[in-house]
Amino acid sequence: MPADDVFNLTVGSLLGLPLGAVRDQPAARPASGAAASATPTVEEIEGPNWIVSAGDVRRGTSTAWRSDGIEALTFNNPFGQVMERVWFDGKVVYAVDLGAVDVDPALVKVAQEYQIVYAIELDEQSKHVGEPEMVPGQLNIYDTVPGMDRYSPIWQFNYVIVPRDYAPNTLRSEGDCLTSGYQILRSSDFEN
């Protein structure tokens, strides 16, 4: 790549835009100089609603959700990040797990994540002791997704204690958890 970075490519983010929203399209910058002639011609250097497949860019407006309620995501995970599927408002979305963090929720905006468990022990600081006894096959539940005012990439765990006869994935939204009647323990466990 030339020293002046002819394409000026960046990694974009939809943070701050509602799901399905389209950012105003920036004007394309004409290529110039010898370095530009050696590079592929592009109509735009960045843009909303790009669909990238095998390195080819095209514009499109893909549907945010498939008909079965799963996020219509195409991602090849070039950095090998740990990904997970989670519920949001009865739909399956994808998240990247960047690990545990220590934050003060009075100083840092946090979102709520619900983990459905058979058992969990919290210490006097409300942090988990040992591993929670997970419900096999149950996806965690997010209260928000990027673009919502309440969204934060920092998640505070809420442990929902369910009985042994609970059918996995019966709870699929924050509302389901809050109205379930099951005990919910708000922890001081945070994840990014």
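So which strands (runs of 3 or more DSSP E) stay within region 97-192 end to end and still have 3 or more residues that are in contact with a helix residue (DSSP H, G or I) (Cβ under 9 Å, 6 or more places away or on another chain) and free of Cβ contacts under 8 Å to residues at least 24 places away in the same chain?
none
Any chance region 70-80 includes a residue that's in contact with a strand residue (DSSP E or B) (Cβ under 9 Å, 6 or more places away or on another chain) and in contact (Cβ under 8 Å) with a residue 60 or more places away in the chain?
Looking for residues that are in contact with a strand residue (DSSP E or B) (Cβ under 9 Å, 6 or more places away or on another chain) and in contact (Cβ under 8 Å) with a residue 60 or more places away in the chain, one finds none in region 70-80, hence no.
May I ask you to verify whether Glu121 is out of contact with any Asp or Glu (no Cβ under 9 Å at 6 or more places or on another chain), under 21 Å from Pro163 (Cα atoms) and either in the same structural domain as Gly175 (by TED's automatic domain parsing) or not hydroxyl-bearing (Ser, Thr, Tyr) (or both)?
Here the answer is yes, as Glu121 does meet what is asked.
Restricting to region 167-177, give me the number of residues that are crowded, with 16+ Cβ neighbours inside 10 Å and over 24 Å from Val82 (Cβ atoms).
The number of residues fulfilling the criteria is 1.
The values are calculated or read from the model by the stated rules, or taken from the named source; none is laboratory data. Not measured: the values here are computed from a predicted model. Heads up, the Cβs are rebuilt from the backbone with ideal geometry, glycines too, and the neighbour counts pull from every protein chain shown.
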